[in-house]
Structures are given as structure tokens and as C-alpha cells.
Amino acid sequence: MNLVEELKDYAKTMEIELIGFCSAEKFAEAPEDIKPTLYLKDALSIISIGYKLNYSSIQNMPKTRSAYMLEHDFANRHLDQVSHKITGYLEERGFKAIGFDAGAGFYHQAGKTPDKFAGDFSHKHAAAACGLGKFGLNNLILTPNWGCRFRLTSIITSASLEDRCLPEKNLCLAGECEKCVEICPVHALDGWKGQYDPEKGWVMDKKRCYEYIFTMLKGQRCGLCIKACPIGLDK
């Protein structure tokens with residue numbers, strides 16, 4: 001059994017069914033401040049890990065936003081534990097590995113809009129590069145079984161861990177379905193035409209989105225663009 005298969009099996013023991021691998025070279029054209037080699041000089045691979053959220057609290061928002069936050073926070077804590085254990089698993093085998101928290105190093109002061117609108121490392125771009133899915137109009141990764149109802153974390157490692165699975169086809173019905181665009185209370189997803197890229201996402205208005213989350217909702221996540229997405233709901 002090769003290391004990729006070992007890690008998949010190990011992930012399953014921690015209730016992780018969504019995991020992918022890719023070469024760090026896929027980030028060669030990424031901005032300098034998120035390149036894997038910024039964090040690990042001899043980075044060779046990226047591991048992307050996803051953990052499913054339960055659907056009901058999402059689909060009944062905004063009334064169930066507090067219940068959605070329970071799902072969101074539990075998934076983040078679980079992914080942080082998984083990241084810690086997998087990096088340890090790799091280090092025990094002689095490799096270097098750095099895991100990022102499920103928030104990607106993104107912190108804020110309660111009731112205040114963050115000073116920056118991106119984390120230390122992009123879990124979504126890592127997921128796309130590792131073949132877990134592609135970006136939807138809501139700028140989230142879409143997978144066939146779960147849609148965008150899951151959380152992500154990433155690990156950078158010196159181990160060579162390329163998987164041979166091909167990326168999923170684009171699941172977003174851009175141009176036919178704009179439910180996520182229509183439901184956004186602050187129009188942060190307007191203007192996607194000519195910008196949206198299923199491989200790279202697009203530059204949505206994060207300032208509007210984050211001001212709503214961190215000022216209006218006092219740090220609770222909005223999640224309405226997740227609720228609106230039809231992908232995965234028929235599974």
C-alpha cells in the first residue's frame with residue numbers, strides 16, 4: 001500500500017470520506033502570500049480534506065442560524081483534530097507537514113469587520129487543485145454528493161502524494177441557476193458574469209459579505225448562499 005492509500009484509510013478512521021492530493025506545483029502561479037513554499041520550503045504536495053455538514057439546520061435558515069453555527073463550529077473543530085493527527089502521521093514517517101486550521105488562519109474581533117479578507121492559505125483553491133470539486137457562483141467548492149455543504153482544511157507536506165483521480169466536472173448551473181446570487185442579502189455575488197471561473201473562483205465582493213457577517217450578524221455565519229444551492233440536495 002502506498003502512502004496515498006495509507007492516508008485515505010487513516011482518514012476514514014476519523015470519519016473523513018473526502019480527501020484529495022495534488023502537487024504543490026499547481027500553486028506555481030498563485031499569489032506569493034499563499035504559495036505553499038512560503039510556509040514549507042521543500043513543499044511537494046497539498047492535502048485537501050472535507051467534512052460534511054448536516055443539512056437540516058442549513059436548509060431552514062435564517063431561523064436556524066444558531067443551529068447552523070453548531071454544525072459549522074463542530075466541523076471546524078473536527079477538521080482541526082484531523083489535520084493535527086495527519087501531520088503527526090506524516091512526521092512520524094520522516095516527512096515535514098504543516099496543517100492549517102479550518103478557518104485558514106482567518107481571525108476577527110467580535111462585532112468588527114476583519115482588516116483582511118483572506119486566510120493564510122486558501123482551502124477552496126486547494127480543494128479544486130486536489131480534484132475534490134470546482135467553484136460555484138457562490139465562490140464555494142461544489143461536490144456531487146454534498147454540494148457546498150461541508151467544511152475544508154488543508155495540509156502542506158514534503159511528501160510526494162499525487163493522486164490519479166481526475167477533477168469532477170463543473171456542477172454549477174451558472175447562467176441557468178442564480179439562486180445563490182439572488183438570495184444574498186447584500187448583493188455580494190452580483191457581477192459574476194465575465195469573472196466566474198470554475199477552476200479558480202472569482203473576485204466576489206468579500207467586503208460586503210464580511211461586513212454583513214461580522215457586523216450585522218456579530219460573527220455568526222450567513223450561509224444563505226449555501227442554503228440556496230440545489231447541488232447535492234437530491235442525494
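The values are calculated or read from the model by the stated rules, or taken from the named source; none is laboratory data. As the structure is a prediction and not an experimental result, all values here were calculated from the model. Every residue, glycine as well, gets a Cβ built from its backbone with ideal geometry; the counts of neighbours run over all protein chains shown.
A compact table of results
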quantity	calculated
Where a residue in region 110-131 is at pLDDT below 90 and its partner, wherever it lies, is basic (Lys, Arg), with Cβ under 8 Å and at least six apart	ALA110/LYS218; GLY111/LYS218; THR113/LYS207; PHE117/LYS206; PHE117/LYS207; ALA118/LYS206
Residue match in region 43-58 (condition: touching a helix residue (DSSP H, G or I) at 6+ places or on another chain (Cβ under 7 Å) and part of a helix (DSSP H, G or I))	yes
Tally of residues being in a helix (DSSP H, G or I) and within 19 Å of the chain's Cα centre (by Cα) across region 182-206	1
Qualifying positions in region 7-18 - of a type in the set (Val, Ile, Thr) and in contact (Cβ under 8 Å) with a residue 60 or more places away in the chain	ILE16
Region 192-235, residues that are small (Gly, Ala, Ser) and surrounded by fewer than 17 Cβ atoms within 10 Å (Cβ to Cβ)	GLY194, GLY219
Residue match in region 59-67 (condition: of a type outside the set (S, T, N, Q) and over 22 Å from CYS148 (Cβ atoms))	no
Sole residue being under 22 Å from ASP234 (Cα atoms), surrounded by 14 or more Cβ atoms within 10 Å (Cβ to Cβ) and without any contact (Cβ under 8 Å) to a residue 24 or more places away in the chain, chosen from GLU71, GLU25	GLU71
Residues (charged (D, E, K, R) and in contact with an Asp or Glu (Cβ under 8 Å, 6 or more places away or on another chain)) located in region 188-235	ASP190, ASP205
Single match in ALA188, ALA174 (criterion: surrounded by fewer than 19 Cβ atoms within 10 Å (Cβ to Cβ) and either at negative phi or among the polar types (S, T, N, Q) (or both))	ALA174
Members of region 84-96 found to be surrounded by fewer than 22 Cβ atoms within 10 Å (Cβ to Cβ) and under 21 Å from ASP120 (Cα atoms), listed by number	HIS84, LYS85, THR87, GLY88, LYS96
Selection from region 130-153 of residues that are out of contact with any helix residue (DSSP H, G or I) (no Cβ under 9 Å at 6 or more places or on another chain) and assigned to a strand (DSSP E or B)	LEU142
Hits in region 38-55 (condition: surrounded by fewer than 16 Cβ atoms within 10 Å (Cβ to Cβ) and under 20 Å from the mean Cα position of the chain (by Cα))	TYR39, ASN54
Residues located in region 39-66, provided they are of a type in the set (Lys, Arg) and closer than 16 Å to HIS78 by Cβ	LYS52
Residue within region 160-173 that is farther than 25 Å from ILE19 by Cα and assigned to a loop (DSSP other than H, G, I, E, B) present	no
Subset of region 25-52 (residues that are touching a strand residue (DSSP E or B) at 6+ places or on another chain (Cβ under 6 Å) and of a type in the set (A, V, I, L, M, F, W, C))	LEU40, ALA43, ILE46, ILE47, ILE49
Members of region 35-67 found to be in contact with a Phe, Trp or Tyr (Cβ under 8 Å, 6 or more places away or on another chain), over 21 Å from HIS84 (Cβ atoms) and touching a residue at least 60 places away in the same chain (Cβ under 8 Å), listed by number	ILE58, MET61
Which listed residue is under 24 Å from PRO31 (Cβ atoms) and in a strand (DSSP E or B), from ILE213, ILE156	ILE156
